[in-house]
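Presented below is the structure to which this report refers.
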Amino acid sequence: MGPKLNNDILLKAAADYGTPLYVYDKERIVYQYQQLKQAFQKTNTRFFYACKALTNVNILKVLADEGSGIDCVSLNEVRLAMLAGFTPERIIFTPNSVGMDEYLEATALGVHINIDNLSVLEAFGNTFGNSYPVIVRLNPHIMAGGNLKISTGHIDSKFGISVNQADKVVEIMESTNLIVKGLHLHTGSEIKDLEVFMRGLELLLTLSSRFPDLTVIDLGGGFKVPYKPDEKGTEMEALGNRLSERITSFEQQASRLFEVWFEPGKFLVSQCGYFLVKANVIKESPSRVFVGVNSGFNHLIRPMFYDAYHEIKNLSNPYATLKTYNVVGNICETDTFAWDRDLNEVQPGDVLSFSNAGAYGFEMSSRFNSRCRPAEVLAEGDGLRVIRKRENFDDIIAGVVLP
């Protein structure tokens, strides 16, 4: 199961720093990273944290200190990674729908470049020739993931160069002398079916014969983490064993050696995070009892955006009788965190905790309704440390040109 923060620590965080509040467990991040290393120890494997899940520099530094690499989808994420101590060799730049100017800026920083567009690939080859090897992101036409919005490898996805256009990739490589050092794919998020990863691996191994300089097989991320109490995550040990067997067999057959790369995001930080809110009101209607809390989808958008489930606990009254509630936010839109959820009876002032709030929680937050974003706190050992201050009105008007 891995380490978890107990109720007392979370209640202390709420008392000391107020709510709404994000709390992250450093020990859990380290545990998750070590789980990856253990699962794939039989293969020459590297991990690059997909930092779009949570970019607080203090979190990035935890993973940098563990030896992880980092996957960045914007230049500012690259800058944050460097601020956290990642060297260029440990950084992948994997943007989408950006111009050549961003790739040029990234090359000036010396990071790994991942390209998913034929026209950009050709322009890059014409600019650099064989002087700056690249990774090519392919669209494998594999539907996978827990939700269409987080499925990125199907035929209608904007991500990647279609595998049906592999001939064109080879043509560009040969005409510009471009060195393709890696082939990459990412089919989606929350993948439980190991066959998805194995199909992707088989596709890249099959294509490898067309790329003489290939040294990297990149299978992206998307490992499933359990959100509901009865859910199971991706069977990492089983995947590691199957991957090792197939890679070893292929390498012996083809007389080539590959590094296998992964970019896990949610797997590394989702379970480290807790989102704490305060119950403001209990509202009974003819058909429902609502718990109205002092936050909304401006702070945690996943339930409204992805229909995502987060386990909710009443930290203040953990042994009270169970009652059924809709947990709703304070945003002036339909703003529901949970429907028909059984919670220990909630009273105004109780502190509620949302589990699995480390990934795409604060990172996707906003100031909608002109409400300030919450603080972030890191739990280290027995202590708590603020790693982002709570916003105030001055933050809201910062940058505004006042009349």
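When peptides 25-35, 224-234 are sorted by average Cβ neighbour count within 10 Å, with the highest value leading, the order is 25-35, 224-234.
In the distance distribution for the range 1-157, Cα-Cα pairs more than 24 Å apart total 49 percent.
Report, ordered by chain and residue number, the lysines lying within cross-link reach of residue 168, taken as a straight Cα distance under 24 Å and ignoring same-chain residues fewer than 8 apart. Candidates past the 8-residue exclusion: 158, 181. Within the straight-line cut-off of under 18 Å between alpha carbons, the aspartates and glutamates reachable from residue 323 are 284, 311, 340, 342, 345, 350, sequence neighbours fewer than 8 places apart in one chain being disregarded.
Panel values: the range 203-280, Kirkwood radius from alpha carbon pairs, Stokes-Einstein at 4 °C and 1.567 mPa s, translational diffusion coefficient 84 µm²/s.
Placing +1 on the Cβ of every Lys and Arg and -1 on the Cβ of every Asp and Glu, with no other charges, gives the range 205-251 a dipole of roughly 140 debye about its Cα centre. The HN-Hα couplings worked out from phi for the range 362-377 by the Karplus form 6.51 cos²θ - 1.76 cosθ + 1.60 (θ = phi - 60°) are 4, 4, 9, 6, 8, 10, 4, 6, 6, 9, 6, 7, x, 7, 10, 10 Hz, whole numbers, x standing for Gly and Pro. A full extension of the chain between residue 83 and residue 285 corresponds to an added length of 67.6 nm, given 0.36 nm per residue minus the alpha carbon distance. Between residue 347 and residue 61, the contour length at 0.36 nm per residue exceeds the alpha carbon distance by 99.1 nm.
Going by accessible surface with a 1.4 Å probe and the largest first, 261, 339 read 339, 261. Among 121-129, 279-287, 1-9, 328-336, the peptide with the highest mean count of other Cβ atoms within 10 Å heads the list, and the full ranking is 121-129, 328-336, 1-9, 279-287.
Distance between the 7 Å Cα→Cβ label points at residue 171 and residue 389: 5.7 nm.
Sorting the segments 382-395, 164-177, 87-100, 208-221 by their residues' average number of neighbouring beta-carbon atoms within 10 angstrom, most packed first, yields 208-221, 87-100, 164-177, 382-395. Which aspartates and glutamates have a Cα lying under 12 Å from the Cα of residue 37, excluding residues fewer than 8 positions away in the same chain? Of all the aspartates and glutamates, those that pass the test against residue 37 - Cα under 12 Å, at least 8 places apart if same chain - are 66, 237. May I ask what percent, to the nearest 5, of DSSP beta bridges between residues of the chain are antiparallel? Bridges in the chain that DSSP calls antiparallel: roughly 45 percent.
The gain in end-to-end length when the residue 321 to residue 41 segment is fully stretched comes to 96.2 nm, 0.36 nm per residue minus the alpha carbon separation. Entry note, the chain: relative contact order of 19 percent, from Cα contacts under 8 Å with a spacing of 6+ residues. Protein heavy-atom surface of the range 68-147, 1.4 angstrom probe: 52% of the accessible area is carbon and sulfur, with nucleic acids and ligands not counted.
For the range 242-359, relative contact order (Cα pairs under 8 Å, six or more residues apart, normalised by length) works out to 34 percent. Look at the alpha carbon pairs under 8 Å that are at least 6 residues apart: their mean separation over the length of the range 28-89 gives a relative contact order of 36 percent.
The values are calculated or read from the model by the stated rules, or taken from the named source; none is laboratory data. Keep in mind the model is a prediction, meaning the values are calculated, not measured. All Cβ positions, glycine included, derive from the backbone under ideal geometry; neighbour counts span all protein chains shown. Accessible surface areas use protein heavy atoms only, side chains included; no ligands, DNA or RNA. Shrake-Rupley method; radii C 1.70, N 1.55, O 1.52, S 1.80 Å.
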